[in-house]
Amino acid sequence: MENQLLIKSKIKDKTLINQKREHIAGKSVELFVKKGYHQTTVREIAKASGMSMGALYDYISTKEDILFLVCDHIHTAVSTKLTASITSDQDSLQNLKDAICEYYTIIDELQNYMLLLYQETKSLNINSRKYIYSAELELTNIFADILKKCIEEKSINLKNSEAMLVAHNIMVAGQMWAFRRWALSSDLKLKTYIKRQTDIILNGII
């Protein structure tokens, strides 16, 4: 499902729509992180995007549309980076370790964005929320698929039916670095956090 199906536009060129919406999302996310979604005005977003209010509304209909684009923008960035970390040149267990490391590193890089995503998803309408939840499950499935390949290679002691639960655990442990950073970062460096969480996960399935 493409995000333009959820947002009405006066422009017919899909390539132009995607380019402009990506630009709008990139500018908006910084404002939302700095000021908060509800405190940021559409006029401020238009100014940051270098567009007039009229031009901005050619690509979106409401302020909520912009929040949806921001959430989709964040998920796309995470998915692209995470997928790029997986290679067929090594065994699946190493892919699992690398994917965990990459995901947790991405969380660290985008921690303000991740907080925004989980704080404001509730402000979206039900169809937009379903899209974001679906995107979140796609990320979780990346880990589930790696785990299933590990099961096939007999490098972990896990059932296929348990792979999704472990994948969710991996995701939540990564997100905790953003949600609990106020406590964790005072005692742990990111590298140590990744190692300890990876050890905990692997000790439970190897």
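What to note about this one:
- Using the Cβ of Met171 as centre and a radius below 12 Å, the other residues enclosed give a net charge of -2, where K and R count +1 and D and E count -1.
- Computed over the alpha-carbon pairs of the chain, the distance histogram in 5 Å steps reads 1, 7, 15, 17, 17, 14, 11, 9, 6, 3, 1, 0 percent, short to long.
- For the chain, the longest principal axis of the alpha carbon atoms and the long axis of helix 190-203 meet at an angle near 50°.
- GNM result for the chain, Cα springs below 10 Å: residue of Gln111, Gln90, Gln175 fluctuating most strongly: Gln90
- Per-pair calculated FRET efficiency, R0 = 35 Å: Val172 and Ser52 via Cβ, rounded to 0.05: 0.25
- The chain, relative contact order [Cα under 8 Å, separation at least 6], %: 21
- Working from label points 7 Å from Cα in the Cα-to-Cβ sense, the Ser134 to Glu162 distance is 3.2 nm.
Any read-out appearing in this document is the output of simple, stated calculations on the displayed coordinates, not a laboratory observation. Every value quoted in this text rests on a predicted model; they were computed, and no experiment measured them. All Cβ positions, even for glycine, are placed from backbone atoms using ideal geometry, and neighbour counts span all protein chains on display.
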